[in-house]
């Protein structure tokens, strides 16, 4: 996969250009450092596209490094899912797959170095005492009573921590920086804590684990990362990132640069809130097509090119903003309009009997697979005496500007014939159950008749005798309000009760039986639909990926 260089450079690319021009670096190395404690979401996609995209544009490399420093929350399941998501987006780390746990021995060695240099100490305060002594934005912190203990004593305790002599929380190793520093992150941050837990890679070798702020910069330095790109919430951590690099014998000096994270309206992208949706059964799982997780949007049928294009469109800035979900959906439509094959499906069927069509006769009609791509070819769809059309394509007493089928009017069937409604059949309750129509045999393939008469509408259809049934899952936005996590009450109060509607008994043209799970197609006139992973040859399931247009914008205009 190739990435087209951005026409106008963002501030990160301008920095890289300058670093290369001045000889500060002779190449570019970036990294994507996820924690394997959950599934990736669209916010991560922005970082993935930025880090891997820059590496490709500048002929450099991007490392995939798992920040696996918290064994109580990490799992191989998440490692595997993250790899799958990155590859699905179209990127590859090649031989550069790393784990923070690869560096545990070196990080321990450097922690010992800091102790010996008088720049780290073992603190035995309780968590509550440490929180109180840290102070706040208005009040400087106060020194720990253990801050000036001899280096030899701290080193002995730290080695005993590593040997497993102490229980969780009994003591920590802290850097000795400045308890009065205006940046709270610099007030003697914790480097190591005791955690007696099995690690997914190192097993029970360690019972002390390094903190993220200590691990991250040193991992970057060990990998010779040139530009460490992260979101704005780490801006206040940069001083600490640099402090460690300045006070340790690291082999390189990466530079941390912050950019604004991705925010989308009508959704939430907090791992904690997404987990709550899953654990409370409000969605079917992490890959529920309503979720903003990468596995969720993949299951919904979003193409990876649309995500890459969307990330390029919203750009890279220092300013926090919220992006419109409609922009993402438009990016999806733009790609699928070019890529998705066309098929006919009837979601709310009403039976049509063509009374002057020979009983038992079946014709194979040629239908175009993609109107803008002749190379996509054609397919055959059967036409017979009995058909299904959409219920909404018929009105018994239509308004003036209704041009679809109604008593006495004529419409074109896509790739079929002109038909005219002659009679409406209802059941005992007054429900329309059947339309009786006639067809014009001179209009085969939808051609205009010799007498030159024209119709104003073309509708889709499916042969009743050859239709296959499917379950259709109509997915919509998960929340009704633009900012569900900033409104009144809980974000759960803003869930959209209509975010999923399940239709059974939809009638599909037979060719759709060959659509593989994960493939997205266009149901003509209805939208884009993806064959779900639950779909089988015996029980087809399709998820609505997106409508042909923005229904929410239309609703706003009408409102």
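The values are calculated or read from the model by the stated rules, or taken from the named source; none is laboratory data. Computed from a predicted model, the values in this text were never measured in an experiment. Here Cβ is always computed from backbone atoms with ideal geometry, including for glycine, and neighbour counts include all displayed protein chains.
Some notes on this structure:
Listed here are the residues, each with its yes/no results for (1) touching a strand residue (DSSP E or B) at 6+ places or on another chain (Cβ under 9 Å); (2) surrounded by 20 or more Cβ atoms within 10 Å (Cβ to Cβ).
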site: 179; (1), (2): no, no
site: 187; (1), (2): no, yes
site: 204; (1), (2): no, no
site: 209; (1), (2): yes, yes
site: 218; (1), (2): yes, yes
site: 231; (1), (2): yes, no
site: 239; (1), (2): no, no
site: 244; (1), (2): yes, yes
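- Every residue from segment 298-321 that is within 23 Å of residue 498 (Cβ to Cβ) and out of contact with any helix residue (DSSP H, G or I) (no Cβ under 7 Å at 6 or more places or on another chain): 299, 300, 301
- In segment 96-120, the residues that are more than 23 Å from residue 206 (Cα to Cα) and either out of contact with any strand residue (DSSP E or B) (no Cβ under 9 Å at 6 or more places or on another chain) or surrounded by 21 or more Cβ atoms within 10 Å (Cβ to Cβ) (or both): 117, 118
- Qualifying positions in segment 206-228 - within 27 Å of the chain's Cα centre (by Cα), over 16 Å from residue 98 (Cβ atoms) and in contact (Cβ under 8 Å) with a residue 40 or more places away in the chain: 227
- In the set 352, 332, 250, only one residue is over 18 Å from residue 41 (Cβ atoms), modelled with pLDDT of 95 or more and surrounded by 20 or more Cβ atoms within 10 Å (Cβ to Cβ); that residue is 352.
- Scanning segment 203-214 for residues that are within 12 Å of residue 189 (Cβ to Cβ) and in contact with a helix residue (DSSP H, G or I) (Cβ under 6 Å, 6 or more places away or on another chain) yields 210, 213.
- The test for being modelled with pLDDT of 95 or more, under 20 Å from residue 189 (Cα atoms) and assigned to a strand (DSSP E or B) does not hold for residue 112.
- Candidates 293, 313, 322, filtered to the one that is surrounded by 21 or more Cβ atoms within 10 Å (Cβ to Cβ), outside the structural domain of residue 37 (by TED's automatic domain parsing) and under 17 Å from the mean Cα position of the chain (by Cα): 293
- The test for being assigned to a helix (DSSP H, G or I), in the same structural domain as residue 519 (by TED's automatic domain parsing), in contact with a strand residue (DSSP E or B) (Cβ under 6 Å, 6 or more places away or on another chain) and over 30 Å from residue 435 (Cβ atoms) does not hold for residue 277.
- Verdict on residue 66 being under 23 Å from the mean Cα position of the chain (by Cα), buried (at least 18 other Cβ atoms within 10 Å of the Cβ), in contact (Cβ under 8 Å) with a residue 12 or more places away in the chain and not assigned by TED's automatic domain parsing to the domain that holds residue 298: yes
- Single unsatisfied condition, residue 321 versus (1) under 30 Å from residue 24 (Cα atoms); (2) modelled with pLDDT under 95: (1)
- Scanning segment 253-267 for residues that are in contact with a strand residue (DSSP E or B) (Cβ under 9 Å, 6 or more places away or on another chain), surrounded by fewer than 20 Cβ atoms within 10 Å (Cβ to Cβ) and assigned to a loop (DSSP other than H, G, I, E, B) yields 260, 261, 263, 265.
- Answer from 446, 452 - the residue that is surrounded by fewer than 20 Cβ atoms within 10 Å (Cβ to Cβ) and under 21 Å from residue 356 (Cα atoms): 446
- Residue match in segment 31-51 (condition: assigned to a helix (DSSP H, G or I), in contact (Cβ under 8 Å) with a residue 60 or more places away in the chain and under 13 Å from residue 93 (Cβ atoms)): yes
- Selection within segment 407-419: residues that are within 13 Å of residue 456 (Cα to Cα) and in a strand (DSSP E or B). The member of this set that is nearest to the chain's Cα centre (by Cα) is 413.
- Checking segment 497-512 against the condition returns a match, with at least one residue being closer than 27 Å to residue 367 by Cα, part of a loop (DSSP other than H, G, I, E, B) and assigned by TED's automatic domain parsing to the domain that holds residue 306.
- Within the set 404, 444, the sole residue that is within 24 Å of residue 512 (Cβ to Cβ) and under 43 Å from the mean Cα position of the chain (by Cα) turns out to be 404.
- Residue within segment 53-73 that is under 19 Å from residue 296 (Cβ atoms) and in contact with a helix residue (DSSP H, G or I) (Cβ under 9 Å, 6 or more places away or on another chain) present: no
- Among the residues examined, residue 438 qualifies as surrounded by 15 or more Cβ atoms within 10 Å (Cβ to Cβ) and either farther than 18 Å from residue 464 by Cβ or at pLDDT 95 or above (or both).
- The residues in segment 186-205 that are in contact (Cβ under 8 Å) with a residue 12 or more places away in the chain and under 10 Å from residue 71 (Cα atoms) can be counted, and the count is 8.
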